[in-house]
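Visitor: Structure provided below as structure tokens; questions to follow.
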Ligand SMILES: *Cc1c(COP(=O)(O)O)cnc(C)c1O
């Protein structure tokens, strides 16, 4: 029997074969012409994936939290008022990060499964004190998606720098950074970008770069300081070597390959595919009478889903039975709800047979747990969505 299981968690995800080949290739020198070309090309391709022709890309070795740190360290100075719109776990992390850099942080939190009311955000912005506004596009702890276009509009209207934590959305959910006026869009390699963990990726608008360039104080975080990284990004993009810290050579080679694959599919098609996969998963939950954390389909993300365990079913048993059926899913993350729900990632290269396998494994697991339902009901609903 095939021993490899399918990784259906919200990152790391399943990676394409070509990407893994780049990971396993002999490591180049970081100043070899072939690597300089790959790095330069990856930076150019990022602008296309981010839909941000005017953006300044950064690729730095680290996890998604480093991408958050790059934004926080470079764009806040002590005393800056920062508005954090929190829909869960990662919004709270961002608030803590901003405080470390001396920002005056105001957090507007939603209930789990909901978003913060626009009127409440506007009322806060009307005070006119905020330099930055930060939000989590898809909160990985609740599978709730915030309307990024609307947040960009608010940021523009009230003249604040907007930061989008897109670690669970970039290259899966629709984001048009330039058109929507979002200043920073950041992510990590292991989620919808489709590269093993290890790269922090960030795109900064000219407005964000200007705020950074006018800092009165140096950036307090040495490794994250754009003064160290901007010359490197510029050098590689103009196909010259430069050194600050050794780049993650194989990861960057793999990034170039993955970005090429993403663009070969096309951003519009990619958004549509993620929508379709997610609607199939949601349809299956509905027909299996399983509730989800997002209170409506409009607020539910396309990159992951967060269903509650049905009443009377032990979560650890359900996850174990799914694992036995070859599908790895993730437990809960939101501190208040952790034990009551689980998460299925469906982003990156995910295809319809991954979804069918996942729902099939879910049905087997529910059956073994003694849940009352008609076997095949969830699959039927998913198949209809997928075949549409
Ligand atoms: C995964 C994730 C992060 C953190 O990324 P790490 O790579 O685990 O550091 C931050 N924000 C969101 C929305 C995420 O999904």
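The values are calculated or read from the model by the stated rules, or taken from the named source; none is laboratory data. The shown structure was predicted, so the numbers you read here are calculated from the model rather than taken from an experiment. Cβ: placed from backbone, ideal geometry, glycine included. Neighbour counts: every protein chain shown.
Visitor: Within the range 1-120, which helices (runs of 4 or more DSSP H) (wholly inside it) include 1 or more residues that are within 16 Å of the ligand (Cβ to nearest atom) and surrounded by 20 or more Cβ atoms within 10 Å (Cβ to Cβ)?
Guide: Numbers: elements: 17-24, 33-49, 64-75, 89-100.
Of the helices (runs of 4 or more DSSP H) lying wholly inside the range 1-120, those with at least 1 residues that are within 16 Å of the ligand (Cβ to nearest atom) and surrounded by 20 or more Cβ atoms within 10 Å (Cβ to Cβ) span 64-75, 89-100.
Visitor: Among 143, 148, which is within 16 Å of the ligand (Cβ to nearest atom), on the phi > 0 side of the Ramachandran plot, under 14 Å from the mean Cα position of the chain (by Cα) and modelled with pLDDT of 95 or more?
Guide: Values: 148 fails: on the phi > 0 side of the Ramachandran plot.
Exactly one residue qualifies, and that residue is 143.
Visitor: Can you name every residue in the range 157-181 that is over 17 Å from residue 76 (Cβ atoms) and buried (at least 24 other Cβ atoms within 10 Å of the Cβ)? Walk me through it before giving the result.
Guide: Here is the first cut: in the range 157-181, the residues over 17 Å from residue 76 (Cβ atoms) are 157-158, 166-181.
Listed by number, the residues that qualify are 166, 167, 168, 169, 170, 171, 172, 175, 177.
Visitor: List the residue pairs whose Cβ atoms are under 8 Å apart, where the first residue sits in the range 155-173 and is free of Cβ contacts under 8 Å to residues at least 40 places away in the same chain and farther than 9 Å from residue 135 by Cβ, the second is in a loop (DSSP other than H, G, I, E, B) and more than 10 Å from the ligand (Cβ to nearest atom), and the two are 6 or more positions apart or on different chains.
Guide: The qualifying pairs are 155/181; 155/182; 155/183; 156/181; 158/126; 158/128; 166/173; 166/175.
Visitor: Let me ask another. Taking the options 86, 110, name whichever one is closer than 30 Å to residue 342 by Cβ and within 16 Å of the chain's Cα centre (by Cα). Outline the logic, then answer.
Guide: On the way: 110 fails: within 16 Å of the chain's Cα centre (by Cα).
Criteria check complete, one pass: 86.
Visitor: Considering the range 231-244 alone, what residues qualify as being within 22 Å of residue 66 (Cβ to Cβ) and touching a helix residue (DSSP H, G or I) at 6+ places or on another chain (Cβ under 8 Å)? Before the answer, list the steps.
Guide: Residues of the range 231-244 that are within 22 Å of residue 66 (Cβ to Cβ), as a first pass: 231-237, 242-244.
Scanning the range 231-244 gives 233, 236, 237, 242, 243, 244.
Visitor: Then there is this: Report yes if some residue within the range 310-317 is assigned to a loop (DSSP other than H, G, I, E, B) and under 30 Å from residue 1 (Cα atoms); otherwise report no.
Guide: yes
Visitor: Considering only the range 282-309, state which residues are part of a loop (DSSP other than H, G, I, E, B), over 22 Å from residue 14 (Cα atoms) and out of contact with any helix residue (DSSP H, G or I) (no Cβ under 7 Å at 6 or more places or on another chain).
Guide: First, pick out the residues of the range 282-309 that are part of a loop (DSSP other than H, G, I, E, B): 288-291, 293-296, 301-303, 306, 309.
Remaining after also requiring over 22 Å from residue 14 (Cα atoms): 288-291, 293-296, 309.
The answer is 289, 290, 291, 293, 294, 295, 296.
Visitor: Return yes or no: is residue 357 touching a strand residue (DSSP E or B) at 6+ places or on another chain (Cβ under 7 Å), outside any loop (DSSP other than H, G, I, E, B) and closer than 30 Å to residue 18 by Cα?
Guide: Details: touching a strand residue (DSSP E or B) at 6+ places or on another chain (Cβ under 7 Å): yes; outside any loop (DSSP other than H, G, I, E, B): yes; closer than 30 Å to residue 18 by Cα: yes.
So residue 357 passes the test.
Visitor: Between a first residue in the range 122-139 that is under 13 Å from residue 98 (Cα atoms) and without any contact (Cβ under 8 Å) to a residue 60 or more places away in the chain and a second residue that is part of a loop (DSSP other than H, G, I, E, B) and within 16 Å of the ligand (Cβ to nearest atom), which pairs have beta carbons less than 7 Å apart while being 6 or more apart in sequence or on different chains?
Guide: 135/146
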